[in-house]
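Here, each number is a calculation from the coordinates, and none is a lab measurement. Every value quoted in this text rests on a predicted model; they were computed, and no experiment measured them. Note that we place each Cβ from the backbone using ideal geometry, even for glycine, and neighbour counts take in every protein chain shown.
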Amino acid sequence: MRPAQLPADVSAFTGRARELAALDTCLEGPGPLHLAVISGVGGVGKTGLAVHWAHRVAGRFPDGQLYALLGRSRPEDVLERFLVALGVARVPEGLEERAGLYRSMLRNRKVLVLLDDAESAAQVRPLLPGSGGCCVVVTGRRGFADLVAGEGARPIALGTLPVDEAAALMARLTGTAGAGPAAPAGLTELAELCDGLPLALRIAAARLATRPGWTPATLAARLTEERRRLDELRAGELDVRASFALSYRELGEAERLLFRRLGLLDACAGFAPWAVAALLDVPLGHACELLERLAYAQLVQPLGPDAAGQDRYRLHDLVRLFAEELVAADPPAERHAALERVYGCLLGLAQDAYLREYSGGFRLAHGGGDLWRLPPKDAATLLAEPFLWLDAERTALVSAVHGSARLGLTRICWDLALTGVRLFEVRGYLGDWRATATIGLRACEEAGDETGAALMRASLGACHVFTGRHGEAGELLESALPYLEGTMRALALGSLARAELRAGRAERARELLAEAHRLAIAGRDRATEAVLLILIAEVYVTTGRVDFADATLAWAAALAEGIRRPEARVTLVTAEVAARRGDHERAAVLYGKALRTTRDLRDRLLEWQSLFGLAATLRALGRPREAATTLGQALALAEDMADETRIGLTRAAADPPPQDGRVRRAARAGRSERGE
């Protein structure tokens with residue numbers, strides 16, 4: 001008897017070329033058994049892929065195809081059905097007897113076996129033939145690592161469809177393929193709202209087909225509201241929510257709690273295990289174990305290591321909405337406490353990263369209170385490269401400022417906003433800087449926190465200095481100064497001095513910097529003192545007192561030793577002094593050194609300044625082509641940062657003819673607009 005049990009092929013099957021090719025390789029080579037396991041979240045199309053491929057290769061198995069929807073079926077019951085299909089009249093009792101006869105029946109035969117929706121390796125193993133002529137494809141929501149390790153199965157982890165393939169599937173299902181540009185455009189939005197999940201795409205297509213008056217835009221409008229999206233993605237027995245619920249019910253209690261609480265995170269850039277440890281108030285190692293269990297259950301997606309070397313994970317959008325629904329039923333006090341721990345842990349790590357990067361300098365004001373912290377050893381491992389870690393958590397930091405403001409955690413809110421400033425400055429994330437300072441200021445004003453409000457006004461004022469809004473900067477900084485002291489007052493005075501210098505009030509800038517310098521000395525903050533001395537040197541350069549600038553820069557260099565960014569800034573200003581003296585050869589060398597250093601530091605603002613100054617110097621040396629190339633790099637960097645001020649300065653410097661006077665004016669403008 002030749003069984004032919006495959007279900008009907010999937011209609012409008014689209015994409016999956018890489019996965020189909022991976023299945024094809026399972027048929028290559030001798031091997032004891034050709035075995036593949038397809039895993040993925042519910043609704044991702046595991047069965048569709050397996051069935052479609054099985055129909056493609058069915059001709060290579062002349063002795064037939066066996067199929068079983070396993071679910072919670074016992075393997076002995078499945079074996080009974082398989083043996084009957086293979087022509088056995090009297091099926092023996094007992095699992096071992098049936099499995100042995102099954103292997104005997106398949107010996108020297110070429111049979112394709114499809115085991116759909118398997119729950120465990122223990123359920124699958126008795127159903128594996130002993131013959132190398134057979135091929136078995138297993139689908140399930142788990143990763144089946146034990147089948148990979150023990151039986152040599154080829155793992156195929158199935159993700160959602162990319163947008164182009166998802167839109168193409170929608171077009172085929174709705175009969176609009178080739179209907180012109182308008183149809184694909186509407187379907188692309190639907191594909192994105194369905195997160196590329198084949199089950200959701202098919203439900204959306206069915207709803208369009210059964211609502212003659214609806215267009216893709218109609219359904220897209222209904223799906224846009226996140227709270228209703230899972231309600232909309234139901235059609236008859238097809239239900240995205242129910243598919244996820246099945247995976248959720250199979251979890252242990254600890255994994256269920258984690259899955260629900262992941263719905264609290266606004267983690268569009270993914271999340272790392274430290275956030276899970278804080279969410280659950282558990283050690284980091286236990287958090288990693290729980291995350292791996294959710295990944296094995298295909299409810300979180302591993303993204304691999306980020307730039308800081310920490311593993312990162314994400315929830316698919318529709319899975320996230322399901323988690324949000326579940327966690328909404330948890331007690332509000334528990335939700336609040338979990339988020340407060342996450343925000344506190346993020347703040348503590350960000351503070352530690354800041355101190356490590358600046359050798360304890362630039363001592364910021366903090367909101368006080370107990371923060372949920374990782375053990376020092378775990379924190380030190382995460383923060384081996386402090387700014388890489390901060391950059392990896394940039395989205396989390398911005399989100400936490402918003403979230404802590406919503407929860408009324410005012411001190412954590414402004415502390416996070418303040419601690420993120422150096423990251424925003426160094427990387428040129430000026431939009432993030434402005435947004436977080438604005439949110440922090442509003443939260444402090446609503447809570448009546450005068451100190452926090454002053455710190456946020458000072459931060460917002462400093463941001464305006466970077467973006468050339470010097471009038472607004474001056475007003476904000478002046479209003480903040482009466483509430484500030486120590487290092488924070490010194491830094492605010494430095495920002496105000498930059499604004500005054502840009503406005504042509506060099507003497508006022510010098511007075512402000514003198515007070516700021518005294519405060520830095522009193523606070524024994526050498527990083528802050530070094531930066532203030534650099535600013536004082538720039539005042540000397542602006543007023544033509546170049547010799548004083550030399551001495552001041554030498555003093556700043558001694559203080560900045562070992563603190564990388566201030567060291568780079570000393571080099572830059574020293575290059576400007578050389579250019580002012582007409583020593584363009586030395587200036588070019590120094591600008592080149594500064595450029596290499598700032599690129600190593602990934603300090604985009606100082607990199608732009610290095611390029612801008614180097615371009616002016618190259619023109620002065622009669623090397624216009626190199627100057628143009630360098631300005632092109634500066635312009636690309638400014639555009640990447642979306643920094644309109646520096647885009648304008650760079651374009652103005654690049655406009656022909658490159659007269660010496662214009663070069664000098666542009667270079668001076670670049671110095672005054674510098675964000676340090």
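Which number do you get for Rg(Cα) / (2.2 N^0.38 Å) in segment 163-242? Numbers along the way, then the final one.
Working: Rg = 11.3 Å, N = 80, 2.2 N^0.38 = 11.6 Å.
Against the compact-globule rule of thumb, the ratio is 0.97.
Within 10 Å of each candidate Cβ there may be at most 14 other Cβ atoms; applying that plus a DSSP loop requirement, which GluC sites (Glu not before Pro) in segment 183-248 survive?
Glu225, Glu237
I'd like the GluC sites (Glu not before Pro) in segment 453-547 restricted to DSSP loop residues with at most 16 other Cβ atoms within 10 Å, sorted by number. Can you show the working numbers first?
On the way: sites: Glu472, Glu475, Glu478, Glu485, Glu500, Glu507, Glu511, Glu515, Glu529, Glu538; in loops: Glu485.
In loop regions of segment 453-547 (DSSP not H, G, I, E or B), the sparsely surrounded GluC sites (Glu not before Pro) are Glu485.
What does the extension gain come out to for Asp9 and Thr215, with contour length at 0.36 nm per residue minus their alpha carbon separation? Display every interim value, and only then the final one.
Numbers: separation 206, 0.36 × 206 = 74.16 nm, distance 2.79 nm.
Here the answer is 71.4 nm.
What is the set of long-range amide H partners of Val37 at a cut-off below 5 Å, with H atoms built 1.01 Å from backbone N?
The answer is Val138, Arg154, Ile156.
Using Cα atoms only, what is the angle between the long axis of helix 332-357 and the major principal axis of the chain, expressed in degrees (0 to 90) to the nearest 10?
Helix 332-357 sits roughly 50 degrees off the main axis of the chain.
Check each of the GluC sites (Glu not before Pro) in segment 1-91 and keep only those in coil by DSSP with at most 12 other C-beta atoms within 10 angstrom; list them in order. Don't skip to the answer; put the middle values down first.
Details: sites: Glu19, Glu28, Glu76, Glu80; in loops: Glu28.
Those satisfying the criteria are Glu28.
Short version: ³J(HN,Hα) in whole Hz for each residue of segment 12-21, in order, from phi by Karplus 6.51 cos²θ - 1.76 cosθ + 1.60 (θ = phi - 60°), x for Gly and Pro, what are they?
Residue by residue, segment 12-21 yields 6, 4, 9, x, 6, 4, 5, 5, 5, 5 Hz.
If you scale each eigenvalue of the Cα gyration tensor by 5 and take the root, what three semi-axes come out for the chain, rounded to whole angstrom and sorted largest first? Don't skip to the end; give the middle numbers.
Working: eigenvalues 747, 152, 115 Å².
Sorted largest first and rounded, they come to 61, 28, 24 Å.
Could you calculate the contour length gain from Asp370 to Leu246, that is, 0.36 nm times the residue separation minus the distance between their Cα atoms, to one decimal place in nm? Could the numbers behind the result be given before it?
Numbers: separation 124, 0.36 × 124 = 44.64 nm, distance 3.94 nm.
The span from Asp370 to Leu246 would gain 40.7 nm if fully extended.
May I ask for the angle, rounded to the nearest 10°, between helix 624-640 and the longest principal axis of the chain, with both axes built from Cα atoms and the value confined to 0 to 90°?
Between the helix axis and the principal axis of the chain, the angle is about 60 degrees.
Report, in debye and to the nearest 20, how large the dipole of the chain comes out about its Cα centre when Lys and Arg carry +1 and Asp and Glu carry -1 on their Cβ.
Details: 84 positive and 86 negative charges, 273 e Å.
The dipole magnitude comes to about 1300 debye.
Spelling out what I want: for every residue of segment 278-293, take phi, set θ = phi - 60°, compute 6.51 cos²θ - 1.76 cosθ + 1.60 (Karplus), and round to whole Hz; glycine and proline get x.
These are the phi-based 3J(HN,Hα) values: 6, 3, 9, 6, 10, x, 4, x, 5, 4, 4, 4, 5, 4, 5, 5 Hz.
Sort largest first and round to whole Å: the equivalent ellipsoid semi-axes of segment 393-471, each the square root of five times a Cα gyration tensor eigenvalue. Numbers along the way, then the final one.
Values: eigenvalues 73, 46, 14 Å².
They are 19, 15, 8 Å, listed largest first.
How tilted is helix 253-262 with respect to the longest principal axis of the chain? Cα atoms for both, answer in degrees (0 to 90, nearest 10).
With rounding to tens, the tilt is 50 degrees.
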